Structure formats: C-alpha cells, structure tokens
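Novice: Just passing along the structure, written as structure tokens.
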Amino acid sequence: MKRAHAADREPPRTTRAAPRPFASRLIAWQKERGRHDLPWQHTRDAYRVWLSEIMLQQTQVATVIPYYRRFLAAFPDVASLAAAPVERMLELWSGLGYYRRAHLAHRAAKTIVDEHGGAFPRDVAAIAALPGIGRSTAAAIAAFAFGARGAILDGNVKRVLARHAGIAGFPGDTKVERALWQRAESLLPEDDIETYTQALMDLGATVCLRQSPRCDACPVARDCVARRDGRIGALPAPRPKRELPLRAVSVLLLERHNEVLLEKRPAIGVWAGLWSLPELAPDADVVAHCKARFAADVALESPLPAIEHGFTHFRLTLHPQPCAVHTWPRRAEEPGLLWLPLAEVAGAALPAPIKKLLRQRATA
C-alpha cells in the first residue's frame, strides 16, 4: 500500500479550549479590573455592609456614597441607629428616595438590638428575616461580612445571568425569576465567595450595562448566549408596558417672616414620616380651606410652575400655590405642623421635589 506523503496528509485538527468556569473567570477579573475603592469595601462590619446594601437598592453608587458617609458619621453602629428617633434618620435620608427603606432599616436596627443583643445575625435566614432584607440582600451581607456561601440576584445580576445563559422573559415573572435563581445557585464557587459576589455586582454595574454594554471588556463574553445569538438588546425582556395612573395635587406654600409651614406626612404611604407642604385638591378653594383648617387669613399669590415627579406605580403633578399669611392664630400651632425658616431647608427631612422647590423659593 502506498503511503501518503506528509504534504498530502490532513493537518491536525485544533480544538478550542473550553472556557474556565464562570466563577473563576469573574473572580480573576474582579481582582484585576473590578472596583476596589468603594467606602463600604474592605470591612467585615456587618452593620456597614448592611447599610450600604440597603442604600444601594434601586440607587446608583455615586448617589449613595455621600449619604453613606453622613450616616456613619451620625450613626456609627447599629445601637446608635436603633436609639435615634426615626425623624433624625429621615433627615439624613432626605433626597435618597424610596423612603420605605429608611423606615424598615430603622425597624431592623431595633430588632437587632432587641432580639439579637445588638449583634448582627450571621445566619442567612436570620438576616433575611430582618425588616427590609430579602433573599438576595441577605446573601450579599452574609458573603461580605461572614464569607458565607449564597447566591445573589439583584437587578444587575439578573441582567448578567439572563444574557449569559440566554434566559428569555421579564425577570419579574415568577417562572423567569425561578430560572435565574437556579442559574445563580448553580454557578456559585466553593471558595472566595466575597470576591465572586463583588464581581457579579461590578460586572452588571460597569460592563454588562442595560444600554451599550462593553462586551469587549467582559470576562465571560466568550460563551455568552446573548452575544452569540445577537440578542443582547432583547435580554432580559423589559417590564411589560402599562400606563401609569396620573395624580395631581396642590401644595400650599404658606409663608410668613421667611418661614414656610410644613405638615408631617402619615407614617404609611408616599413620603411616609417626612415633612412636606400641606396638600389640597387642585380645584379646592385655598382661602376657604386655610380659614376652616387653621383659622388663618391668607392671600393668594401667583401660582408657580407645576412639578412632575414619578413613582413606581404612578406619576404625580404638584401645583405649588404660594400664600401670604396675614393672621395665624396660636391654636393652629399643633403637633404635626412646623414653621421652618427657609434658610434651614437643606437640613430638613423633606421629599426631594419639595426640598428643591423650597430652596428655589429661598433664593428667589
């Protein structure tokens, strides 16, 4: 039999090496490329870790950093936060938004002091049982504070995993969320859980962005299903569109001697527990209302431009109505009302749009 010459032989086939495990690639990337200078990093203090995780819920890092630092200056440990009145906490939270987080965090601090002797619980289930802490946040706290192994699944991580594994659908749907949790748990490394958890957060926040993701900088792009199939823009699916209800309200700027009247909001609902301007239906008679509600005589000034403000479930239009107060009876000085000097607006526990309005009023 005639042997084939070397030149006639088929060249040896090269096989592409299988990528390293997802977790090991992320850990290596985080150590070299991830974020290392955030003020809540490099600590095992569960209180500080918890505070950062609560503030970072639905809020960007750049916004959180100054609030986080001010909070630690005022409340350096869980005992000081639990002992403080919630009104003081709300003053420092003012402008950060999603105020229910602040109320729940205050309740959690009291629970830690009253039921755990002031020591932050180490067990993930016990952490998740605290007010305002869900499954993902509890796992993050346990990982960073105690090195405990557990999966996280915040909004950024959902996007990373949906794209990498090609999991279609809106992550808020039960079936899709279940698939994402299964994927998150299946990828957990045996060791270095703290670095891996931070890597997932960093990847979603700095590389696997909702718009214009930086796939060229992604350590797991090689086997990303969304990238392979050209579905990056489609994954994860957006929240199904629905028309948000529109609400409108008049807010009264009752002013006297460079002071403005504030009214405390109810403990439950929008802007719970904050100070705000008295509200009235847009078509109500302001002068008659002030006479009936406060026994006060006021004169209307020109209305100010409307303010649009969005919430998760509705959109709100505020119609500011300045009123010059001519007479204000002593009996109107009641709990839940406060005359605030306009010069002190910056330090007050006010909703962000109200604080901005009053700052503009103070400099007008």
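The values are calculated or read from the model by the stated rules, or taken from the named source; none is laboratory data. No experiment lies behind these values; they were computed from the predicted model shown. Every residue, glycine as well, gets a Cβ built from its backbone with ideal geometry; the counts of neighbours run over all protein chains shown.
Novice: Taking the condition touching a residue at least 12 places away in the same chain (Cβ under 8 Å) and assigned by TED's automatic domain parsing to the domain that holds E255, does A288 pass? Quick ask: steps written out before the conclusion?
Specialist: Working: touching a residue at least 12 places away in the same chain (Cβ under 8 Å): no; assigned by TED's automatic domain parsing to the domain that holds E255: yes.
Criteria not met by A288.
Novice: Is region 331-353 home to any residue that is surrounded by fewer than 15 Cβ atoms within 10 Å (Cβ to Cβ), over 25 Å from L246 (Cβ atoms) and at pLDDT 90 or above?
Specialist: Scanning region 331-353, I find at least one residue that is surrounded by fewer than 15 Cβ atoms within 10 Å (Cβ to Cβ), over 25 Å from L246 (Cβ atoms) and at pLDDT 90 or above, so the answer is yes.
Novice: Which ones in region 209-231 are over 15 Å from F22 (Cα atoms) and either assigned to a loop (DSSP other than H, G, I, E, B) or β-branched (V, I, T) (or both)?
Specialist: L209, R210, Q211, S212, P213, R214, G230, R231
Novice: Give the residue that is nearest to A284 (Cα to Cα), with candidates limited to residues of region 306-364 that are hydrophobic (A, V, I, L, M, F, W, C) and part of a loop (DSSP other than H, G, I, E, B).
Specialist: Our first condition is that a residue be hydrophobic (A, V, I, L, M, F, W, C); within region 306-364, this holds for 306-307, 311, 314, 316, 318, 323-325, 328, 332, 337-340, 342-343, 345-346, 348-350, 352, 354, 357-358, 362, 364.
Those still in the list that are part of a loop (DSSP other than H, G, I, E, B) too: 306, 311, 314, 328, 348-350, 364.
Numbers: A306: 16, F311: 24, F314: 22, W328: 20, A348: 28, A349: 27, L350: 24, A364: 27 Å.
Among them, the one singled out is A306.
Novice: Looking at region 193-214 only, could you name the residues that are surrounded by fewer than 16 Cβ atoms within 10 Å (Cβ to Cβ) and free of Cβ contacts under 8 Å to residues at least 40 places away in the same chain?
Specialist: Passing the criteria: L209, Q211, S212, R214.
Novice: Right, S302: of a type outside the set (K, R), surrounded by 12 or more Cβ atoms within 10 Å (Cβ to Cβ) and either at pLDDT 90 or above or touching a helix residue (DSSP H, G or I) at 6+ places or on another chain (Cβ under 9 Å) (or both) or not?
Specialist: no
Novice: Would you check if T174 is without any contact (Cβ under 8 Å) to a residue 60 or more places away in the chain, in contact with a Phe, Trp or Tyr (Cβ under 8 Å, 6 or more places away or on another chain) and farther than 30 Å from P303 by Cα? Working first, answer last.
Specialist: Details: without any contact (Cβ under 8 Å) to a residue 60 or more places away in the chain: yes; in contact with a Phe, Trp or Tyr (Cβ under 8 Å, 6 or more places away or on another chain): no; farther than 30 Å from P303 by Cα: yes.
In short, no.
Novice: Residue under question is G310, and the condition is that it be surrounded by fewer than 12 Cβ atoms within 10 Å (Cβ to Cβ), in contact (Cβ under 8 Å) with a residue 24 or more places away in the chain and in contact with a strand residue (DSSP E or B) (Cβ under 8 Å, 6 or more places away or on another chain); does it hold? Before the answer, list the steps.
Specialist: Working: surrounded by fewer than 12 Cβ atoms within 10 Å (Cβ to Cβ): yes; in contact (Cβ under 8 Å) with a residue 24 or more places away in the chain: yes; in contact with a strand residue (DSSP E or B) (Cβ under 8 Å, 6 or more places away or on another chain): yes.
For G310, the condition - surrounded by fewer than 12 Cβ atoms within 10 Å (Cβ to Cβ), in contact (Cβ under 8 Å) with a residue 24 or more places away in the chain and in contact with a strand residue (DSSP E or B) (Cβ under 8 Å, 6 or more places away or on another chain) - is met.
Novice: Turning to a different aspect of this structure: With the structure loaded, tell me whether P282 is assigned to a loop (DSSP other than H, G, I, E, B), surrounded by fewer than 17 Cβ atoms within 10 Å (Cβ to Cβ) and either under 27 Å from the mean Cα position of the chain (by Cα) or in contact (Cβ under 8 Å) with a residue 24 or more places away in the chain (or both) or whether it fails that test. Break it down stepwise before answering.
Specialist: Numbers: assigned to a loop (DSSP other than H, G, I, E, B): yes; surrounded by fewer than 17 Cβ atoms within 10 Å (Cβ to Cβ): yes; either under 27 Å from the mean Cα position of the chain (by Cα) or in contact (Cβ under 8 Å) with a residue 24 or more places away in the chain (or both): yes.
Yes.
Novice: Give region 80-131 a look and list any residue that's within 23 Å of I354 (Cβ to Cβ), over 19 Å from the mean Cα position of the chain (by Cα) and not in a helix (DSSP H, G or I), or say none.
Specialist: The answer is A84, P85.
Novice: Take the residues in region 67-114 that are over 19 Å from D45 (Cβ atoms) and hydroxyl-bearing (S, T, Y), then tell me which one is surrounded by the most Cβ atoms within 10 Å (Cβ to Cβ).
Specialist: Only one residue tops the list, namely S94.
Novice: Of everything in region 325-364, what is farther than 23 Å from G310 by Cα and in contact with a Leu (Cβ under 8 Å, 6 or more places away or on another chain)? Give them in sequence order. Explain how you work it out, then say what you get.
Specialist: First pass over region 325-364, keeping only residues farther than 23 Å from G310 by Cα: 325-344, 347, 362-364.
Residues satisfying the conditions are V325, L337, L338, W339, L340, L342, A362.
Novice: If I go through region 230-258 residue by residue, how many of them are in contact with a Gly (Cβ under 7 Å, 6 or more places away or on another chain) and either surrounded by fewer than 12 Cβ atoms within 10 Å (Cβ to Cβ) or without any contact (Cβ under 8 Å) to a residue 12 or more places away in the chain (or both)?
Specialist: Count: 1.
Novice: Okay, next question. Here is a list: W93, W50, W29. Which entry is modelled with pLDDT of 95 or more and closer than 28 Å to R265 by Cα?
Specialist: Numbers: W93 fails: modelled with pLDDT of 95 or more; W29 fails: closer than 28 Å to R265 by Cα.
Exactly one residue qualifies, and that residue is W50.
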